[in-house]
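Novice: This is the structure I have questions about; it appears just below.
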Amino acid sequence: MRRNSNIFAKIDWLVVLIYLLLVFAGWINIYAAVYDDSHHSIFDVSQKYGKQMIWIIAAFVIGFVILLIDYRFFSITSVLIYAGMMLLLAAVLLFGKEVNGARSWFEIGSIRLQPSEFAKLATTLMVARVLSKPNFIIHKFKNLIHLGIILVIPMMLILLQNDTGSALVYSSFVLVFYREGLTGWVLVIGVLTIALFIASLLFAPIYVIIFLVTSFLLVFIKMAFHKKKAINYSILIVLSAAILVAVNHYLKLGYNSYLLITIPVALFTPFYLYAFLRKKVKAALWIVLIFWGAVGVNYSVDYVFNEVLEQHHRKRINDLLGIESDLQGWGYNVNQSKIAIGSGGFAGKGFLKGTQTKFNFVPEQSTDFIFCTVGEEWGFLGSLFVIFLFVGLLIKIIQIAERQRSTYARVYAYGVFAIFLFHFTINIGMTIGILPVIGIPLPFFSYGGSSLWVFTIFIFILLNMDAHRFELIN
Amino acid sequence: MQKYSNRKFVIGAIAIIIGIVYLSRLFWVQVVDSTYKLNSEKNSIRREEQFSARGLVFDRNGELIVHNMAVYDLMIVPRQVSQFDTVELCQTIGIDIPFLRKQISKARRHSMFKSYKIVHQIPDTVYAVLQEKLYKYPGFFVQARTLRKYPYNVAANVLGYVSEVPDRIVKRDNYYKSGDYIGFSGIERSYEEVLRGKKGVQFNLIDVHNRKKGSYANGKYDTIPQIGGNLVSSIDIELQQYGELLLKDKIGSIVAIEPSSGEILALVTAPTYSPSDMVGRLRSENYPILIRDPLKPLFNRATMAQYPPGSTFKMLTGLIGLQEKVLTPSQHYSCYGGYFSKARPIACHHHRPSLDLAEALQMSCNAYFCHVFRNFMEKPGFANPDSALTRWLKHVHSFGFGTHLGTDLESELKGILPSVESYNRIYNGSWNALTLLSLSIGQGEIAITPLQLANYTAAIANRGFYYTPHIIKDIDGNGPIDRFKERKYTTIDSAYFEDVIKGMYLAVNGGWGNGGTASIAQINGIDFNGKTGTAQNPHGENHSIFVGFAPLTNPKIAIAVIVENAGYGSTWAAPIASLMAEKFLTDTVKRKSLEERVVNKNLLDRGEKEQ
Ligand SMILES: [Zn+2]
């Protein structure tokens, strides 16, 4: 008992407060999203908001119980939890129930559970466990492979469930690895790849090439100031251009070959001269890799887009980019979402006064698109409040992470951070129309027991570890 | 690991930058850029129900008797209503401003988001004008509906009417929404599910000018309305019309059945009303008048009025006697002005003193059937009067008396039959054949509906069986309801019927001079067989009753007529039945003077005088 009272004295109550505010705000917005004149009571358990209330109560119980668990339990059982969860993910493929085209649910009586939600938690614990091994050096190829496998297993299993959104969440662990020492280039390359992918869809390839070459020149300039041996790379550039032309020719891509040659050469010449004169260029390998990587992305876009992505993903991306005006499916959703949020104005239309989110046809109204209701009924002020809470929570998690004495706890905390950041970014980004529609929930807001419980567990394990940070030493 | 500690700033910056980017975007979308606010107005989604036209109804000869005409309901979605010119709107549709205000506030109370009907059944001429101006009234829209139309304007009691669905049904059945229409009586009610079809729902995008921009989500959530099924009624609409003409200014009913199928050829109640008086807005004017009318035109006498069958019941008394072997057709009983027992003497009118069964029916001798009844009740086979009465009731029931026939007509009453228990109660257990004697001639504790009487006649015409009477012979090409195809046998062997029918033949065709009580019903060239009856009426003049069928073999029509306060069966009921049979069988009525006499007779004042 003594230890229990101790923990309540030591937990970070500010995080608990943010948590409660988010959960409560989520609940009343689900009420508003599903609200129908004929069913008034927010406690009506036949309605989504009534069910959410039950789940919230259950989440509180779960959170409380987690605080009582010995802090060492999580690190000791990480491997076991991870293995068990992966088995569940495999099992759901075989015995699960298909809902909206994704076979990712277990149905036990009237309760539906989504193992993929819980897999995030298991993976985070597992990653923390592996990274906190003594003398673990992240740059070692073997270790990277090890980490890669931990992530790829759940990703593959979830992709097989046809739930791309939940699979993409695992890419957010890059941030954790970055914090633990992985080179910053992974972030740059990640951002560049995404930017390129989008740019290639949007613009004619020639503009993309121009953009590529220019941005890549900027990198080159920076390097040229510090590095030597620029001379060798003039050869590489010419060679690149030549191969580019050859590819263009044999694959019948139909670009003007002169352009392909002259643009890189012409643009590079002065800087090559400059680098040559200073004889400082050294990291030419990087430059070439980036160059070819970028060209590769540019040319693979069509292939990935048309062959790898499924129809509904293509549609969502197209909608986002405004390429096809699709008022039927996702595009309509996003459009309506933007309209709903936009129509909220500065102060919003008021609680339950929203008109745009009042129809029940979009199943995502109370789940993935719940932020629309916030935007419409509470306006910019409401959006500001919610974003402020989320960013506040994220910063708070970093603060907690950094004050941990054990690597395990720090990595776990950054894992929580990364997953929350990903959900927050993707979900709100899609409702306000700046990211493609990827169906993942907004933590604590979206309707659904599984996701609420998992995010609750994430936070409360973090609080538990944080409360015992002086005891938990690596 | 402290060496990477500074990376927390990069990571924190990512979170903050995303927060700032999102907030700027939100600020742009929500505060600066007004296109989304306009868009929001342009993008209202309106749920419109697509009503399917109700099914049509044809008569047995393929005449269209019920069809549809288009009208328009003005609807609003209160949330979408903004400033508009109330005066102009009211002028256009011809309503006053306080009414409009009242309706709008009703709609607001109902729901801010759901559509609500504020003006009902705007005729298409008004709609044409309104449609042009509708863009000025955001939040208002028009929903097309159909109203019933009746080319013959008769048979209101059969066809029934359609009206707005009452709240209690909305609560019970989620197919209906407040403001929908539902068949409320007659076949509109009993065949509601066939006639209504299935309504569809359309979600439409509406722009700021209250115009449809297209369907929401390309119609993904829409459902297509299904047109209601058509019905073919067994009614002969011209016969029905003729029946209503004959009962003009009278109170009573006519029910005609085709014995070989149970199809109802005519089901007339009088007084009645015109079905088009109950359509649309007219109903709210006419309904209160009709409901207050002391003659109860809304009361369907053909299925709900209950009368003692009187002498028309004598065939059954005779049949039971024959079946139970307490009577042979040649059995003679003498009658000297009645049947005199200590308990209750039953008088008879003047006729030849000694008669056999057929003659007793021809001349409607009361004494004869008292004898038959008493012989039955006191038959040695029965242990006590209880078991005798039980057996008697079994026979009577088998003709469809004292029970719901199970027709497809709504609100059919079952009539009244005595029971062993009721007699035990009334007479403290001490009763016998003499106590019940009046049952033998269709008086006393017995009451039947005109429909039951016609069915009974059909059973006699069929020599021992009937089909459950019904008004719809075909549902959307699939024939009638299955149970109407089943023969229902009476407990009387068919061989016994001929002797009774002979009596009915003689009653009509035996000649006035020979004591035929229904000679007035005789039709040239047609073997019309019938029996008069008189139901005692303690409140006024007796009710005139007649049952009959024609022709003798392969009967085509069985008919029962009851005219209230009209005296003897032969005076009014018999000629009406006869004219109906003639009309049905020959298509033209040759006895114009009889027809004229019947049509012009007003019997309405007779009942009231004595009340
Ligand atoms: Zn007599």
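Just so you know, all these numbers are worked out from the coordinates, no wet-lab data involved. Here the structure is a predicted model, which is why all the values come from computation and not from measurement. Reconstructed Cβ throughout: ideal geometry from the backbone, glycine too, with neighbour counts over all protein chains shown.
Novice: Would you kindly derive the ³J(HN,Hα) couplings of the range B:129-139 from the backbone phi angles with the Karplus curve 6.51 cos²θ - 1.76 cosθ + 1.60 (θ = phi - 60°), listing them in order in whole Hz, with x for Gly and Pro?
Specialist: My calculation for the range B:129-139 gives 6, 4, 4, 4, 9, 4, 4, 7, 10, x, x Hz in order.
Novice: Still on this structure, please answer the following. What does the highest-first list of A:409-415, A:369-375 look like by mean Cβ count within 10 Å? Before the final figure, lay out the partial values.
Specialist: Working: A:409-415: 28.0, A:369-375: 29.7.
Per-residue Cβ counts within 10 Å, averaged per peptide and sorted highest first, yield A:369-375, A:409-415.
Novice: What residues qualify as long-range amide H neighbours of A:Ser104, i.e. H under 5 Å apart, gap of 5 or more or another chain, H built at 1.01 Å from N?
Specialist: For A:Ser104, whose amide H was placed from the backbone, the distant partners under 5 Å are A:Lys97, A:Val99.
Novice: Related question: In what order do A:Arg112, B:Arg145 fall by count of nearby beta-carbon atoms within 10 Å, going from fewest to most?
Specialist: Working: A:Arg112 16, B:Arg145 23.
By the 10 Å Cβ count, ascending: A:Arg112, B:Arg145.
Novice: Amide H neighbours of B:Lys473 under 5 Å, counting only residues 5+ apart in sequence or on other chains, H built in-plane at 1.01 Å?
Specialist: B:Val232, B:Ser233, B:Ser234
Novice: Let me ask another. Beyond 23 Å between alpha-carbons counts as too far, so tell me which of B:Lys296/B:Lys601; B:Lys102/B:Lys198; B:Lys250/B:Lys314; B:Lys117/B:Lys198; B:Lys149/B:Lys485 fall in that bin. Please report the intermediate quantities before stating the final value.
Specialist: Details: B:Lys296/B:Lys601 20 Å; B:Lys102/B:Lys198 32 Å; B:Lys250/B:Lys314 26 Å; B:Lys117/B:Lys198 20 Å; B:Lys149/B:Lys485 30 Å.
Table pairs above 23 Å Cα-Cα are B:Lys102/B:Lys198; B:Lys250/B:Lys314; B:Lys149/B:Lys485.
Novice: Continuing with the same structure: Between B:Lys601 and residues 5 or more places away or on another chain, which pairs have amide H atoms under 5 Å apart, with H built 1.01 Å from N, and which residues are they?
Specialist: For B:Lys601, no residues qualify.
Novice: Okay, helix-only estimate at 222 nm for chain B: each DSSP H run of n ≥ 4 adds -39500 (n - 2.57), divide by all residues, round to 500 deg cm²/dmol; what do you get? Kindly include the intermediate steps, with their values, before the conclusion.
Specialist: Working: 22 runs with 210 residues, N = 611.
The helix-only estimate for chain B comes to -10000 deg cm²/dmol at 222 nm.
Novice: Order these by the 10 Å Cβ neighbour count, fewest first: B:Asp386, A:Asp466. Provide the component values of the computation, followed by the final result.
Specialist: Values: B:Asp386 15, A:Asp466 22.
Going from sparsest to densest Cβ surroundings: B:Asp386, A:Asp466.
Novice: When Cβ neighbours within 10 Å are restricted to other protein chains, what is their mean count per residue of peptide A:339-349? It would help to have the intermediate numbers written out before the result.
Specialist: Working: counts 10, 4, 6, 14, 10, 7, 7, 4, 2, 1, 1.
Taking all residues of A:339-349 together, the mean is 6.
Novice: So what are the ³J(HN,Hα) numbers for the range B:548-565, from phi and the Karplus equation (6.51, -1.76, 1.60; θ = phi - 60°), rounded to whole Hz, Gly and Pro as x?
Specialist: x, 8, 7, x, 4, 9, 6, x, 9, 8, 10, 9, 10, 10, 10, 10, 6, 6
Novice: Within 10 Å of each Cβ in peptide B:8-21, how many partner chain Cβ atoms are there on average? Round it to a whole number, please.
Specialist: Values: counts 8, 1, 5, 14, 8, 0, 7, 14, 3, 1, 9, 11, 2, 4.
The per-residue average across the peptide is 6.
Novice: Per-residue HN-Hα couplings for the range B:384-393, Karplus 6.51 cos²θ - 1.76 cosθ + 1.60 at θ = phi - 60°, whole Hz, x for Gly and Pro?
Specialist: 7, x, 3, 5, 5, 5, 4, 5, 4, 4
Novice: How big is the Kirkwood radius of the range B:237-610, worked out from every pair of different alpha carbons and given in Å to one decimal?
Specialist: Values: mean 1/r = 0.0481 Å⁻¹.
That comes to 20.8 Å for the range B:237-610.
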